[in-house]
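Note sheet for the following structure.
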Amino acid sequence: MKKVAVITTGGTIASKHNEQGRLHSGALTGEELKDVLELPKDIQIDIYSMIQKPSMHITFEDLQEIREKIIELFTKDDIDGVVVTHGTDSLEETAYYFDLTIDVSKPIVVTGSQRSPEQLGSDAYINLRHAIYSACDGQLLDCGTVVVFNERVFTARNVKKEHASNIQGFNSFGFGYLGIIDNDTLHVYQKPVRKEKYIPTKKEIPTVEIIKCYLGSDDKLIKACIEAKVDGIILEGVGRGQVSPFMMPAIKKAIKTGIKIIVTTAAEEGEVYTTYDYLGSAFDLYEAGVILGKDYDSKKARIKLMALLSSESNIQESFKY
């Protein structure tokens, strides 16, 4: 007998239409979702309906509570894996947070849906069914947190929402997926060579903001971050990690005040590198004390920096991988 814990948090996968025909996210409980899955008798699922929110309403306090619940569940030897249902808008951020901050070998699977359970052609039940199958499959041991969506299995580190509404909602640009689910059978074709290093976070979550760089961008947002006394800034640069030269004075001032700054790239593939030597280049930023964010996208870099700041880990070293 396999046993899977399913934690529900709301989102489209748990939504219903209101009187105006618009979706009310998180209206369904986990028990209501469970009833139509038609799982085989050798899989037992325990439902934990923790929150019922749209995913953009989820807070880091919520994530900490869910994280602690997952850790508690894995202290029980009879649990084979955990599934977390989640709204898709911030699903990749939550999955990556769990990947970094939960140190277990058994699978943690995050899933959701692009269409509500009431909509024609809904992907809600099939995604949840496949997530449960994956969570109790030994092929995903030591893979960290994964995302199961539309018959594909993705690493939390590389997955990204690629479409606003299509049921093929997630992809992993340049990296592919770990495997597929076909006729309720998981086929794993590849595994990560290196698992993300565990980050033992504390309950206090630092404040980290993302600033997107573009043609003619100036320093007003960086100055606002300095005034707000944020703990960190993610600069989403372009290409190899370039930013507008008009941002550099404020960037240097922010670093002097103790704000940790990471530069990433808006490009879907490739990483930040000190290729060029001019004002606002990745080399110029590095010389000023900015940490190079390798190939992280800005949202994943933010999650990682928040976890690192919370644990007092070596930030420079951690962003080398």
Residue order, fewest to most beta carbons within 10 Å, for H57, H130, H86, H163: H163, H57, H130, H86
Sorted from fewest to most neighbouring beta carbons within 10 Å, what does the list D218, D123 look like? D218, D123
Stretched out fully, how many nm does the piece from Y214 to K252 gain, at 0.36 nm a residue minus the Cα gap? 11.8 nm
Rounded to the nearest 20 Debye, what is the dipole magnitude of the chain about its Cα centre when Lys and Arg each give +1 and Asp and Glu each give -1 at the C-beta? 680 debye
Could you please state, rounded to a whole Å, how far the C-alpha centre of segment 122-195 is from the C-alpha centre of segment 45-71? 20 Å
Using a Förster distance of 35 Å, how high is the FRET efficiency between T207 and D77, based on the Cβ-Cβ distance and rounded to 0.05? 0.35
Using R₀ = 51 Å, calculate the FRET efficiency as 1/(1 + (r/R₀)^6) where r is the Cβ-Cβ separation of E118 and N314; round to 0.05. 0.55
Roughly what % antiparallel, to the nearest 5, for the DSSP beta bridges in the chain? 30 percent
Roughly what angle does helix 60-73 make with the longest principal axis of the chain, taking Cα atoms, 0 to 90 degrees, to the nearest 10? 50 degrees
Evaluate the charge dipole of segment 208-273 about its Cα centre and quote only its size in Debye, nearest 20, assuming +1 on the Cβ of each Lys and Arg and -1 on the Cβ of each Asp and Glu. 380 debye
In what sequence do V109, V147 fall when counting other Cβ within 10 Å, fewest first? V109, V147
What distance in nm lies between label points placed 7 Å from Cα along the C-beta direction at I167 and E269? 2.8 nm
For the chain, what is the relative contact order in percent, using Cα pairs closer than 8 Å and at least 6 residues apart in sequence? 13 percent
Once both axes come from the Cα atoms, what is the angle between helix 298-311 and the longest principal axis of the chain, in degrees from 0 to 90, rounded to 10? 90 degrees
Expected 222 nm ellipticity per residue - DSSP helices of 4 or more, -39500 (n - 2.57), all of the chain, to 500: -7500 deg cm²/dmol
Cβ crowding within 10 Å averaged over residues, with 236-245, 2-11 ranked highest first: 2-11, 236-245
Cross-link reach list, lysines versus K76, counting only Cα pairs under 18 Å and skipping chain neighbours closer than eight places: K2, K3, K106
Options Q242, G232, P200, ranked by Cα towards positive dipole end of segment 163-250, top entry (Cβ charges): P200
Restricting to segment 2-188, what percent of DSSP beta bridges are antiparallel, rounded to 5? 40 percent
Nearest 0.05, what FRET efficiency do E287 and V193 give at R0 = 25 Å with Cβ-Cβ as r? 0.20
Given Cβ point charges of +1 (Lys, Arg) and -1 (Asp, Glu) and nothing else, what value in debye, to the nearest 20, does the dipole of segment 2-188 about its Cα centre take? 300 debye
Can you list the aspartates and glutamates whose alpha carbon is less than 18 Å from that of K223, not counting same-chain residues fewer than 8 positions off? E209, D231, E236
Mind giving me the nanometre distance, one decimal, between the label points for D103 and Y278, set 7 Å out from Cα along Cα→Cβ? 4.6 nm
Using only Cα atoms, figure out Rg for segment 208-318 and give it as a multiple of 2.2 N^0.38 Å. 0.94
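All of the numbers you see were taken from the coordinates with simple rules; none came from a lab. Quick caveat: nothing in here was measured; it's all calculated off a predicted structure. Neighbour counts are summed over all protein chains in view; Cβ atoms, including those assigned to glycine, are modelled from backbone coordinates with ideal geometry.
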